[in-house]
There are 2 protein chains.
Amino acid sequence: MTTAKRDTYTPETLLTVAVRVFNERGYDGTSMEHLSKAAGISKSSIYHHVAGKEELLRRAVSRALDGLFGILDEPGASRGRAIEQVEYVTRRTVEVLMAELPYVTLLLRVRGNTKAERWALERRREFDQRVADLMKAAAADGDLRADVDIRMATRLLFGMINSLVEWYRPQAAGGGTDGEQLAETVVRLAFDGLRTSR
Amino acid sequence: MTTAKRDTYTPETLLTVAVRVFNERGYDGTSMEHLSKAAGISKSSIYHHVAGKEELLRRAVSRALDGLFGILDEPGASRGRAIEQVEYVTRRTVEVLMAELPYVTLLLRVRGNTKAERWALERRREFDQRVADLMKAAAADGDLRADVDIRMATRLLFGMINSLVEWYRPQAAGGGTDGEQLAETVVRLAFDGLRTSR
């Protein structure tokens, strides 16, 4: 028998539970029944807070997207040479990813089967495009190597950053990975390379 | 009504179908029923070729693992300075990933719920460890920057390489991405960095 918990959720705390379940089961594989069980409250209690699972997805990915787009409004993203802006945005993207790990993880796993998912993918592509534009500007300034394809390099850069959701764990054994050092390592690797000399 | 196809499969061609289904549905989510439907032959015909889906997984990830471990036996992986070996292994890993895309994709998605999956994860970790050892040797030679954590850098390097399974498509519109150029871009980005100067 399931003992129903007294519903003390707010839309915000309910979101935390929903994002965890979405990330475990996949959004498509999560039913209102799964959410109700995970939260320990009835489906009608959930409907008291939100219109349905699509609203939960929209709120969750909005949190990730607000964090990411927020970076582009920071002074560091528009000050100085384009290459400085690209490095700034790269560093901050890693930081936002670590700070909003479950939300960004969900955003990166969205498949596009529903309207809310397609909207999320669209917004994500928009962010990627903004960074790609900065990369192009840095290349035009002559600050990026001419012998690599910039579109390819941008995809690899995002590939590296986004791979963090697969292994970065803030509370890992031994106190976890140092977040600040990680952001710095991504920037150094991508822009200065790992080699000392050739 | 399903019209059963005459069974003209070999274990090899059956593997191609199985890997596609595993990658689409996830290994855990694939039943012998799904494989039978996708192949258009009966379950008992499949059992004529292989002992079950675990054998198919083992064969599939073996193909990926043989490709990856094969790199380490090539002269370029043990000749010259450690940094040259690391760059060689990085380039060849990208090439094997592209050449064996569905098999490496499956290997990277294995979750570890069954014995065959745990074996695959174990072997994959072994490969990663071999590359990590090369990275450490290159760092000891003073050929990798001292201001980045080598374990972290190794994870980021693999994160970047492995992200290719998410977006690299050999037959994409416009003739697809140039594979050789892609392998070279990964090496240049990771070891020389994207910046021209500081």
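The values are calculated or read from the model by the stated rules, or taken from the named source; none is laboratory data. All values reported here derive from a predicted model rather than from experimental measurement. As a convention, Cβ positions derive from the backbone with ideal geometry for all residues, glycine included, and neighbour counts pool all protein chains shown. Areas reflect the complete protein model, heavy atoms only, side chains present, ligands, DNA and RNA absent. Shrake-Rupley method; radii C 1.70, N 1.55, O 1.52, S 1.80 Å.
Listing for the model above:
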| item | result |
| --- | --- |
| Calculated P(r) tail over 12 Å for segment A:11-50, as whole % of Cα pairs | 53 |
| Directionally averaged shadow of segment B:61-192, computed from the convex hull of its alpha-carbon atoms, nm² | 8.2 |
| Residue A:118 paired with residue A:44, simple spin-label distance in nm, labels 7 Å along Cα-to-beta-carbon | 3.4 |
| Förster radius 35 Å - calculated FRET efficiency between residue A:178 and residue A:151 (Cβ-Cβ, nearest 0.05) | 0.65 |
| Label 7 Å beyond Cα on the Cβ vector: residue A:137 copy-to-copy distances, nm | 4.4 |
| Global form of the protein assembly as shown, assessed from the alpha-carbon gyration tensor, a/c cut-off 1.5 | oblate |
| List B:53, B:136, ordered by accessible area with a 1.4 Å probe, largest first | B:136, B:53 |
| Largest-first ordering by accessible area, 1.4 Å probe, given options B:48, A:34 | B:48, A:34 |
| Shielding by other protein chains, B:154-166, mean Cβ within 10 Å | 6 |
| Difference of contour (0.36 nm per residue) and Cα-Cα distance, residue A:109 to residue A:12 | 32.8 nm |
| Selected from B:72, B:114, B:167, residue furthest toward positive end of dipole (chain B; charges at beta carbon) | B:114 |
| C-alpha long axis of helix B:150-162 to longest principal axis of chain B, angle in ° | 40 |
| Shielding by other protein chains, A:143-151, mean Cβ within 10 Å | 5 |
| Sequence of B:10, B:105 from largest to smallest accessible area, 1.4 Å probe | B:10, B:105 |
| Heavy-atom accessible area per residue - segment A:44-198, 1.4 Å, Å² | 46 |
| Chain B, helix-only ellipticity at 222 nm - DSSP H runs n ≥ 4, -39,500 (n - 2.57), divided by all residues, nearest 500 | -20500 deg cm²/dmol |
| Charge-dipole axis of chain A as Lys and Arg at +1 and Asp and Glu at -1 on Cβ define it, positive-most pick from A:182, A:86, A:51 | A:51 |
| Label-zone membership for segment B:59-99, site residue B:140, 7 angstrom Cα→C-beta point, backbone N under 18 Å | B:77-87 |
| Segment A:81-121 - percent of accessible surface contributed by carbon and sulfur, probe 1.4 Å | 49 |
| Estimated buried accessible area (total), pair B and A, 1.4 Å, Å² to nearest 100 | 3600 |
| Listed peptides A:88-98, B:68-78 by packing density, highest first (mean Cβ within 10 Å) | A:88-98, B:68-78 |
| Exam field: residue B:10 pseudo-label spacings to other copies (7 Å along Cα-Cβ), nanometres | 6.5 |
| Shortest-first distances to equivalent copies, position residue A:51, nm, label 7 Å out along Cβ | 5.4 |
